[in-house]
Amino acid sequence: MDRYVLNRLQRGIDLLTVNNPKLEKSVAKGYATAGVSLAPAWESGHNTCPNHSTECSKHCLFLSGMGKLQSVKDARIKRTLMYFEERDKFMQLLNADIYTFVANAQVLGLEPVFRLNILSDIRWERHGIPQRWSMFRFYDYTKIPNRRKLPPKYTLTYSFSGNNLDQWRKALAAGQNVAVPFLKELPATWLGHEVIDGDEDDLRMLDKAPCIVGLRAKGPLRQNPQSAFLGDNHDV
């Protein structure tokens, strides 16, 4: 992403994250994506991923890329502690950041969109955030199967975790998309559904449904080719 665009989008915001390689791909398609980077699972002492599995915890991207830096890890944990221990302050800052980010994106002629769970799995609809900002689009990945009655502009892509195959067969049958990591080349189909390339961008709300969102294995997962977390290891 052009450094000017990145700096302009980040200007005046605190909790939201713009400087993320996956999120940055949105700009080429006319979107500006901002997210919230919390510490996953129990990394902060509080659980932000209620349906995490042993496999997804083991291969989480928390310590990949910039996450290897202690300063980045500390910042994610600090935000997470604020979310659990200073909820009102967190929500005030988040809403202020959304307001500012929208203005920043619109100055650049970009449509603002939001992914509030970069590494976590928080039910943001319970906090009324997508409802309050219903004029804008939100999207997330989730492993929670019973998130129902979502706001119209909040799109969820369900994540395969290696041990929830039956659950996500039902999700596909219901017309919902499922994200699956692969170590080898992305297959043309999986579970009898077309596989699209989820690494081309992070704009999951634009995906056709139902389909498999294929993701190439990253971080620790690449070092464990036998992991049940990988779609390659399931005969479907």
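Tabulated values for the structure
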quantity	calculated
Glu200, sole failed condition from (1) modelled with pLDDT of 90 or more; (2) in contact with a strand residue (DSSP E or B) (Cβ under 9 Å, 6 or more places away or on another chain)	(2)
In segment 188-203, residue farthest from the chain's Cα centre (by Cα) [restricted to those that are open to solvent by 40 Å² or more (accessible area, probe 1.4 Å) and touching a residue at least 24 places away in the same chain (Cβ under 8 Å)]	Gly192
Which listed residue, of Tyr158, Tyr154, Tyr99, is touching an Asp or Glu at 6+ places or on another chain (Cβ under 7 Å) and aromatic (Phe, Trp, Tyr)	Tyr154
Segment 112-140, residues that are of a type in the set (Ser, Thr, Tyr) and over 18 Å from Tyr31 (Cα atoms)	Ser120
Qualifying residue in segment 204-215 (condition: exposed (fewer than 15 other Cβ atoms within 10 Å of the Cβ), touching a strand residue (DSSP E or B) at 6+ places or on another chain (Cβ under 8 Å) and without any contact (Cβ under 8 Å) to a residue 40 or more places away in the chain)	yes
Residue check for Tyr141: in contact (Cβ under 8 Å) with a residue 40 or more places away in the chain and closer than 17 Å to Asp121 by Cα	yes
Residue in segment 36-58 that is at pLDDT 80 or above, closer than 29 Å to Gln226 by Cβ and open to solvent by 80 Å² or more (accessible area, probe 1.4 Å) present	yes
Residues (closer than 18 Å to Thr80 by Cβ and either of a type in the set (Val, Ile, Thr) or modelled with pLDDT of 95 or more (or both)) located in segment 17-33	Thr17
Residue under evaluation Ser71, criteria (1) modelled with pLDDT of 70 or more; (2) assigned to a loop (DSSP other than H, G, I, E, B); (3) open to solvent by 30 Å² or more (accessible area, probe 1.4 Å), criterion not met	(2)
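The values are calculated or read from the model by the stated rules, or taken from the named source; none is laboratory data. Bear in mind the structure is a predicted one, so any value in this text is a computation, not a measurement. Using ideal geometry, Cβ is built from the backbone for each residue, glycine included, and neighbour counts are taken over all protein chains shown. For accessibility, only protein heavy atoms count, side chains too; no ligands or nucleic acids. Shrake-Rupley method; radii C 1.70, N 1.55, O 1.52, S 1.80 Å.
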